[in-house]
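Read the structure below first, then the notes.
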Amino acid sequence: SFSLPEFVAEIQEAVKPVLNAYMKGDAETLKKYCSSEVIERCKAEHSAYQSHGIFFDNKFQTQQVYCVRDRNGAVTEGGKDTIHTVYYAWAMQQVDPEELGEGALYPVWKLREMQQIGVRALI
């Protein structure tokens, strides 16, 4: 009973919160949408960035603004005006309601794997 239009609608709703949570290292939000492997990779990447005193500035959103700042807020890569088109490959997996626990009425899709496969500067 797979429906492509329904699948696309669900994924479109999940894209923004997943990308925002991934950029922030927000594991709690990612638990709603992602596999444990994606969450662990996100936490590891976020820890690595923190150990170097850098973070992604995701406050500016048009396409995808590439702006990395150090712990003092100084831009180390890109900038608030550096706009990129970014291409991602997502592998989705349907999770059965039984695995979701009590109260789940229908299966949901979770992000199983995510990879950035291309970046192109727009400006």
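Residue count for region 40-59, restricted to those that are under 19 Å from residue 16 (Cα atoms) and modelled with pLDDT of 90 or more: 1. Candidates 13, 77, 99, 6: the one that is over 28 Å from residue 121 (Cβ atoms), open to solvent by 40 Å² or more (accessible area, probe 1.4 Å) and at pLDDT 85 or above is 6. Within region 7-29, residues that are at negative phi sit with their Cβ atoms under 7 Å from residues that are in a loop (DSSP other than H, G, I, E, B) and open to solvent by less than 50 Å² (accessible area, probe 1.4 Å), at 6+ positions apart or across chains, in these pairs: 20/58; 23/58; 24/58.
With respect to residue 49, determine if the residue is among the aromatic types (Phe, Trp, Tyr), surrounded by fewer than 17 Cβ atoms within 10 Å (Cβ to Cβ) and more than 19 Å from residue 96 (Cα to Cα). Taking the combined requirement at face value, the residue satisfies it.
The values are calculated or read from the model by the stated rules, or taken from the named source; none is laboratory data. Since we're looking at a predicted model, the values are computed, not measured. Don't worry about glycine lacking a Cβ; one is built from the backbone with ideal geometry, like all the others, and counts go over all protein chains shown. Calculation scope for accessible area: heavy atoms of the full protein, side chains included, ligands and nucleic acids excluded. Shrake-Rupley method; radii C 1.70, N 1.55, O 1.52, S 1.80 Å.
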